[in-house]
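Here, each number is a calculation from the coordinates, and none is a lab measurement. Since the model is a prediction, treat every value here as computed from it, not as a measurement. Glycine gets a Cβ as well: all are built from the backbone with ideal geometry, and neighbour counts include every protein chain shown.
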Amino acid sequence: MDQTANPRPTGLQAPAKPPLTVLLAGPRGFCAGVDRAIKIVELAIERYGTPVYVRHEIVHNRFVVEGLQAKGAVFVEELDEIPDDGQPVIFSAHGVPRSVPAAADARQMLYLDATCPLVSKVHREAERHFAGGSHILLIGHAGHPEVVGTMGQLPPGAVTLVEDAEQAATVQPPPGPLAYATQTTLSVDDTAEVLDVLRRRFPELSAPVKEDICYATTNRQAAVKAIAERCELIVVVGAANSSNSVRLREVAERAGCPRAVLVPRGRDFDPALADGLRTIGISAGASAPEVLVEEVVARLRERFDVTIEDVTVAEEKIIFNLPRPLRTPRTATVE
């Protein structure tokens, strides 16, 4: 008799994993400004050799920073930590005050500016309003590198920081024309609330030519809103010091998801958080690479029978040019 036709049950079969639907919010992860900043560091290492110095984290993500360190990037907080060895220094995507490139020039340092072009746009708008005689109300978070950089484009006293609607209701700017600018990574809804208060108090408040909150922040928040009410949990992949990632977690809960958590990467995520749930969502801040999202999904697959559904609200095709020194050959042949 064929003993393999009807094998006896062994009792050792693994129990079936519970089903779990995972909604992947799109767009998510790297934006054009972050992608450009990382490429600047990588190309600088290729062109100038190591070390290449980077003032502040190039973007707010430890996985990215550690990957660049392994390639030869050295991260510092201030220029005085850099020796006079002729190697270049790169300014982070968040932007820097005018005093930083001035100090680099004074030391005859070679520097490359990885400031996101959309942050640079905010700088130029603030300068334009200031040149026209306006005092600037800057909506943003105190101490964030982008805010420090934007305020540092203008003389002391030219900018007043407004962090929330409560401050907007009490801020007392100097007499005269007023204009506003915003950090590029804020909550769209929070910023609208702040502006409602400011416009009621200061009806002549001048606005930027184009919205300061960047397309990537807006799109990622819209994607999270699109899945929030369908999800019992949303996982946002990103760093705790990443403004746009923290805002995504807040947006998720405000948009109707019962719980949202921020995790740096898959190894920091406990898949048991999804026990008993049927549908969860995943997004990622603009400085988090897709590989870290894949790590979270892999952790979930260890525990659940996962079905993936992509929910995309916008397509992003923006590419920013690299700084001129990295766009042209280092040496040219003259015919």
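Cut-off under 25 Å on the C-alpha distance; same-chain residues fewer than 8 positions from Lys39 excluded. Which lysines are left, in chain and number order? Excluding near neighbours in sequence, the set is Lys71, Lys121, Lys317. Given q = 0.14, 0.20, 0.22, 0.23 Å⁻¹, what are the Debye log10 I(q)/I(0) values for the range 31-151, with equal point scatterers placed on the Cα positions and solvent ignored? Per q value, in the given order, log10 I(q)/I(0) is -0.60, -1.11, -1.28, -1.36. Any idea how far the Cα center of the range 135-190 sits from the one of the range 52-71, in Å? If you average the Cα positions of each part, the centres end up 28 Å apart.
Residues in the range 108-121 carry Karplus couplings, in order, of 6, 8, 7, 10, 10, 9, 9, 3, 4, x, 6, 6, 4, 4 Hz; the curve used is 6.51 cos²θ - 1.76 cosθ + 1.60 with θ = phi - 60°, and Gly or Pro positions show x. Based on the convex hull around the alpha carbon atoms, the range 71-114 presents an average projected area of 3.2 nm². Along the range 100-106 the Karplus relation, 6.51 cos²θ - 1.76 cosθ + 1.60 evaluated at θ = phi - 60°, assigns HN-Hα couplings of 6, x, 5, 5, 5, 4, 4 Hz to successive residues, with x for each Gly and Pro.
222 nm [θ] for the chain, helices only, -39500 (n - 2.57) per DSSP H run of 4+, per residue, to 500?
Values: 11 runs with 121 residues, N = 335.
So the helix-based figure for the chain works out to -11000 deg cm²/dmol.
Over the range 17-90, Cα pairs under 8 Å with separation of 6+ residues give a relative contact order of 33 percent.
Which of rounded, prolate or oblate describes the chain when judged by the alpha-carbon gyration tensor and an a/c cut-off of 1.5? Please list the in-between numbers first.
Values: a/c = 2.79, a/b = 1.44, b/c = 1.93.
Oblate is the answer for the chain, as a/c is 1.5 or above yet b/c matches or exceeds a/b.
Residues His135, His141, ranked from the fewest to the most other C-beta atoms within 10 Å, line up as His141, His135.
The range 214-251 and the range 266-319 have Cα centres spaced 12 Å apart. Among the GluC sites (Glu not before Pro) in the range 62-161, those located in a DSSP loop and surrounded by at most 15 other Cβ atoms within 10 Å of their own Cβ are Glu77, Glu78. Within the range 219-306, the GluC sites (Glu not before Pro) that combine a DSSP coil assignment with at most 10 other C-beta atoms in a 10 angstrom radius are Glu229. Close amide H partners of Leu110, meaning residues 5 or more places away or on another chain with modelled amide H under 5 Å apart, are Val89.
Convex hull over the alpha-carbon atoms of the range 118-201: what's its volume per residue in Å³?
Details: hull volume 7.2 nm³, N = 84.
It is 85 Å³ per residue.
Between the residues Phe269, Val22, Gln183, the greatest Cα displacement towards the positive end of the dipole of the chain, with unit charges on the Cβ of Lys, Arg, Asp and Glu, is found for Val22. Close amide H contacts of Val162 (hydrogens built in the peptide plane, cut-off under 5 Å, sequence separation of 5 or more or a different chain): Leu138, Ile139, Gly140. Residues in the range 235-250 carry Karplus couplings, in order, of 9, 9, 8, x, 8, 5, 9, 8, 4, 5, 5, 4, 5, 4, 4, 5 Hz; the curve used is 6.51 cos²θ - 1.76 cosθ + 1.60 with θ = phi - 60°, and Gly or Pro positions show x.
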